[in-house]
Amino acid sequence: MDNPDVKVLLDMSQFAEVEFDERYCAFSIGAGATLGQVYEALFYGWGVTVPGGGCLGVGVGGHFSGGGYGPLSRQHGSVVDHLYGVEVVVVNAEGKARPVVATRDNQYKDLWWAHTGGGGGNFGVITRYLMRTAGATGSDPAKLLPKAPGQLLSSLVLWDWKTVTKAGFIRSLRNFFTFYERHNTAGSPYDSLYSPLLVPVSSTDGFLLSTQLDASVPDAEKLLKAFNAAIAEGVDPAPTAIEVGARPFMHTTIERSIPELVTPERNLWKAGYLRKGYTDAQLGTIHKYLTDPAGRPQNATFLLVPYGGKVNTVRPDATATFQRDTVAKMVMNIVWSDPAEDAKHADWTRKFYRDLYATTGGVPLHDEYNAGSYINYPDLDLADPAWNTSGVPWQTLYYGDNYPRLQRIKAKWDPRNVFHHSMSITKP
Ligand SMILES: Cc1cc2nc3c(=O)[nH]c(=O)nc-3n(C[C@H](O)[C@H](O)[C@H](O)COP(=O)(O)OP(=O)(O)OC[C@H]3O[C@@H](n4cnc5c(N)ncnc54)[C@H](O)[C@@H]3O)c2cc1C
């Protein structure tokens, strides 16, 4: 409990069971489970999976209710596109607590909807999630969630900071965006392609693109080679591509994920959705911040994550996850351990983000290029007029047009505002 505003901490870690619930014909996942526990239980039990994130220690309590995305999202959508229901303990106007099971087809549909991207800590204590893909029918559990890929083909593309020029940097990132803009259709041969571009500051050796593709896709090897060639096109000197070959799904998932951290570090996250690749001016800003020897910190990473595809086939109001026409997410992250460095690192990250979105008030507005941000990367600066000079409220950046509906659901299900934090949904 590292924040003085926190009044109550509920340990949900014992609510970690993953089982098939015949009554609801859905997978029941305890809200205290971690993604690592969920992936293993679903895969070894039924050969299925959910398109969740690439950090095995992340808890589903916040991850699912905030939307949830990961390596399989371009092919299978957001996690909440597979959320059938939620069991949540709510508190009524008299202060009495009771459990409710809200599903996408019962009388509590509004409460279910609020958990499809509204974010944790808003409506009640979630005790479990019920997972079944929208539109899935029958009673065979193996057909009610996405089938896990058998093998994943993977590769790495490596850039050496010592040889990367500014022009080569900009061209590499441009190639990344161009490729995903051209291959952003659900059902295309590339819809299982996932390749986060991880760019740490230039005091490190270099940066890399870590790619995976379902090995059972026809011509998978050819497709992967063509992708790596497209990324390197016009980049001088060319980055090095290493083909890793095909490996079993769980092997690659564990190998490519961030393991659970046991030593908590201090860190800061900022993020944004992209409808289109950044402009050359923005790519220049990214290069400047990552390479400036006077300003760059030790342990900061700029991450571009492919997104869209199947996610974009769902209407923005069908779930509370509003962003349904994007191509990527950007995440910047800085990690440090000495509290005396808090101000220095916060300042660098804030200025980087402000300058990246310099033409839109320091934030990713919903416009031709950007689409706000993701509530699972909550960022108080978006609520601070010193850093968000756009005049657009932080709630709009996260929830777009879905915010008023979330507010009405909040008023109905948490009339006493029992569940609140510094970025929670407020009553209308
Ligand atoms: C290293 C790292 C990698 C990440 N990678 C990804 C990624 O690939 N994809 C992605 O989508 N996201 C990713 N995230 C973001 C992640 O989805 C969010 O941090 C998410 O909120 C984590 O949920 P949690 O339950 O672990 O966290 P917590 O901090 O415990 O919870 C987050 C919020 O949800 C609330 N909450 C938690 N449990 C419950 C519950 N049972 N009932 C009601 N409210 C609850 C909390 O009160 C809090 O407000 C990553 C985060 C980290 C730290």
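The values are calculated or read from the model by the stated rules, or taken from the named source; none is laboratory data. This one's a predicted model, so the numbers in the text were calculated from it and none came from an experiment. Every residue, glycine as well, gets a Cβ built from its backbone with ideal geometry; the counts of neighbours run over all protein chains shown. Accessible surface areas use protein heavy atoms only, side chains included; no ligands, DNA or RNA. Shrake-Rupley method; radii C 1.70, N 1.55, O 1.52, S 1.80 Å.
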**Report entry** Whole-Hz ³J(HN,Hα) from phi, Karplus 6.51 cos²θ - 1.76 cosθ + 1.60, for the stretch 300-315, glycine and proline x
**Finding:** 10, 10, 9, 10, 10, 10, x, 8, x, x, 4, 3, 7, 8, 9, 5
Report task. Once you've got the GNM for the chain with C-alpha springs shorter than 10 Å, pick whichever of D381, D355, D11 has the biggest mean-square fluctuation. Result -> D11
Query raised in the report: How big is the shadow of the Cα convex hull of the stretch 18-143, averaged over all directions, in nm²?
Result: 7.4 nm²
Query raised in the report: Most mobile of G284, G53, G138 per a Gaussian network model of the chain (Cα springs, under 10 Å)?
Result: G138
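Any of K143/K276; K276/K427; K310/K427; K109/K427; K344/K410; K288/K310 with alpha carbons more than 29 Å apart? Name them for me.
Values: K143/K276 34 Å; K276/K427 34 Å; K310/K427 32 Å; K109/K427 19 Å; K344/K410 37 Å; K288/K310 34 Å.
Correct reply: K143/K276; K276/K427; K310/K427; K344/K410; K288/K310.
Return the ratio Rg/(2.2 N^0.38 Å) for the stretch 272-359, where Rg is computed over Cα atoms only. Walk me through the numbers on the way to the answer.
Working: Rg = 15.7 Å, N = 88, 2.2 N^0.38 = 12.1 Å.
Here the Cα radius of gyration is 1.30 times the empirical estimate.
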Query raised in the report: Over the stretch 116-250, how many percent of alpha carbon pairs lie in each 10 Å bin up to the one with the longest distance?
Result: 10, 31, 27, 20, 10, 1
Query raised in the report: Given H placed 1.01 Å from N in the peptide plane, which residues other than close sequence neighbours of F15 have an amide H under 5 Å from its amide H?
Result: G32
Report task. Quick one: of K166/K329; K147/K222; K7/K351, which pairs are farther than 30 Å apart, Cα to Cα? Result -> K7/K351
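How much of the accessible area of the chain, probe 1.4 Å, is carbon plus sulfur, in whole percent? Don't skip to the end; give the middle numbers.
Values: 9980 of 18430 Å².
Whole-percent figure for carbon plus sulfur exposure: 54.
Roughly how many Å² is the accessible area per residue of the chain, as a whole number, for a 1.4 Å probe? Spell out each step's value before the answer.
Working: 18430 Å² over 428 residues.
It amounts to 43 Å² per residue over the chain.
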Requested in this report: Just add up the charged neighbours of Y180: K/R +1, D/E -1, any other residue whose Cβ is under 15 Å from the Cβ of Y180.
Outcome: +3
Query raised in the report: Mind checking which of G135, G308, G45 has the largest fluctuation in a GNM of the chain, springs on alpha carbons under 10 Å?
Result: G135
Query - Viscosity 1.002 mPa s, 20 °C: Kirkwood-radius Stokes-Einstein D of the stretch 192-331 over Cα pairs, µm²/s - result: 122 µm²/s
Requested in this report: Please identify the longest segment of the chain free of exposed GluC sites (Glu not before Pro), where exposed means a DSSP state other than H, G, I, E or B and no more than 14 other Cβ atoms within 10 Å.
Outcome: 95-232
Query - Per-residue HN-Hα couplings for the stretch 279-288 [Karplus 6.51, -1.76, 1.60; θ = phi - 60°; Hz; x = Gly/Pro] - result: 6, 4, 5, 5, 5, x, 5, 4, 4, 4
**Report entry** Kirkwood hydrodynamic radius over Cα pairs of the chain, then Stokes diffusion coefficient at 20 °C and 1.002 mPa s, in µm²/s
**Finding:** 96 µm²/s
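Under the Kirkwood approximation applied to all pairs of distinct alpha-carbon atoms, what is the hydrodynamic radius of the stretch 151-400 in Å?
Working: mean 1/r = 0.0526 Å⁻¹.
In the stretch 151-400 this quantity evaluates to 19.0 Å.
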